[in-house]
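Read the figures in this text as sums done on the coordinates, not as results from a lab. As the structure is a prediction and not an experimental result, all values here were calculated from the model. Here the Cβ positions follow ideal geometry from the backbone for every residue, glycine too, while neighbour counts run over all protein chains shown.
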Amino acid sequence: MGQMNEIRNIVILTGAGVSAESGIDTFRDAGGLWEQHKVEDVATPEAFARDPDLVLRFYDMRREAIQTKEPNAAHHALGRLEAEWAKREDCELTLVTQNVDDLHERGGSERLIHMHGGHLTAWCLACDNRPEWREPLLDRPPCPTCGVAGKLRPDVVWFGEMPYQMEEIYAALSAADLFVSIGTSGAVYPAAGFVQEARGQGIRTLELNLEPSQGSAYFDESRHGPATQVVPEWVDEMLGGL
Ligand code: BJW
């Protein structure tokens with residue numbers, strides 16, 4: 001990536017590909033999550049209203065699984081980049097993830113937006129609080145905040161719902177000098193549109209993915225390979241071989 005001295009503000013978008021080598025299934029690759037469940041059966045508010053047990057079981061299974069997984073070299077490299085970048089004058093890095101696991105946090109990232117929510121909080125439809133949550137929801141436990149039972153749902157963003165912190169994301173994008181997309185298929189909006197938003201503002205764009213994503217043609221540069229390889233290499237480059 002040339003002209004690195006001119007880069008001060010970085011926005012990074014990550015998707016399921018960054019956690020794949022930690023053993024967490026992606027959504028749309030062969031053997032991924034949607035192969036076992038139709039999207040409309042598990043990831044819409046309508047599905048939850050129609051068959052809450054199916055949806056709660058799907059998320060209980062995934063919530064339990066992520067707690068046995070560990071961050072990989074890509075998560076750690078992004079945590080390291082954020083820490084080093086923060087030491088530079090007038091430099092900021094914002095990590096926006098579509099992932100609902102907590103591997104970025106455990107890899108050291110702090111300035112982090114979970115635009116599709118997270119497995120480790122629940123959303124109480126009675127009191128609108130989002131308590132920390134690690135247990136199953138299938139048995140309809142009471143909300144630890146208001147005490148009402150049967151009103152907790154997974155705190156994730158389903159199709160047709162508004163992703164979280166969109167204002168902060170667009171504000172960070174408009175201040176960015178570099179937009180980097182890592183491990184996402186570019187199939188789901190509004191995240192899939194960030195690259196065009198960035199390009200429209202004259203921001204440099206870089207894709208790091210196992211293979212060309214649906215939006216690959218919009219990026220100034222694409223590097224293909226497993227995240228645990230291409231992300232640490234790029235981070236080393238950004239930090240000047242540190
Ligand atoms: C590796 C790797 C390795 C593998 N190393 N790489 C028609 C046109 C346009 C839009 C719409 C439309 N009809 C409806 C819409 C809107 C809709 C949408 O986008 N639908 C599409 C299907 C077209 N979007 C919405 O409804 C969103 N809300 C919305 O738009 O509100 C209005 C609004 C408008 C404007 C501004 C703001 C708001 C909500 C979307 C919610 C998505 N929710 C999910 C589920 C979350 C909970 C859960 O986890 O179950 O989010 S769906 C699922 O997809 C999940 C993911 O975050 C998301 C993206 O998937 P991701 O991360 O890209 O994974 P994959 O599997 O697709 O790709 C993995 C990639 O990694 C691949 O490329 C691999 O090659 C790569 N890879 N191994 C590096 N080792």
- Query: So which residues in segment 200-242 are crowded, with 19+ Cβ neighbours inside 10 Å, within 19 Å of the chain's Cα centre (by Cα) and among the β-branched types (Val, Ile, Thr), if there are any at all?
  - Reply: 205, 230, 231, 235
- Query: Taking segment 169-180 only, how many residues are in contact with a strand residue (DSSP E or B) (Cβ under 6 Å, 6 or more places away or on another chain) and not in a strand (DSSP E or B)?
  - Reply: 6
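Please count how many residues of segment 113-154 are among the hydrophobic types (A, V, I, L, M, F, W, C) and in a strand (DSSP E or B).
7
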- Task: Check segment 207-216 and report whether any residue there is under 24 Å from residue 102 (Cα atoms), free of Cβ contacts under 8 Å to residues at least 40 places away in the same chain, aliphatic (A, V, I, L, M) and assigned to a strand (DSSP E or B).
- Result: yes
- Message: For the list (1) of a type in the set (Phe, Trp, Tyr); (2) touching a Phe, Trp or Tyr at 6+ places or on another chain (Cβ under 9 Å); (3) within 14 Å of the ligand (Cβ to nearest atom), I need the number of the one condition that residue 179 fails.
- Response: (3)
- Query: Among the residues of segment 12-51, which ones are more than 8 Å from the ligand (Cβ to nearest atom) and among the small types (Gly, Ala, Ser)?
  - Reply: 19, 22, 23, 30, 31, 47, 49
- Task: Search segment 190-206 for residues being assigned to a helix (DSSP H, G or I) and of a type in the set (A, V, I, L, M), and hand back the single one that is nearest to residue 233 (Cα to Cα).
- Result: 195
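Counting just the residues of segment 43-55 that are crowded, with 20+ Cβ neighbours inside 10 Å and assigned to a helix (DSSP H, G or I), which one comes out farthest from the chain's Cα centre (by Cα)? Steps first, please.
Keep residues of segment 43-55 that are crowded, with 20+ Cβ neighbours inside 10 Å, which gives 43, 47, 55.
Cutting the leftovers down to assigned to a helix (DSSP H, G or I) gives us 47, 55.
Details: 47: 22, 55: 20 Å.
Result: 47.
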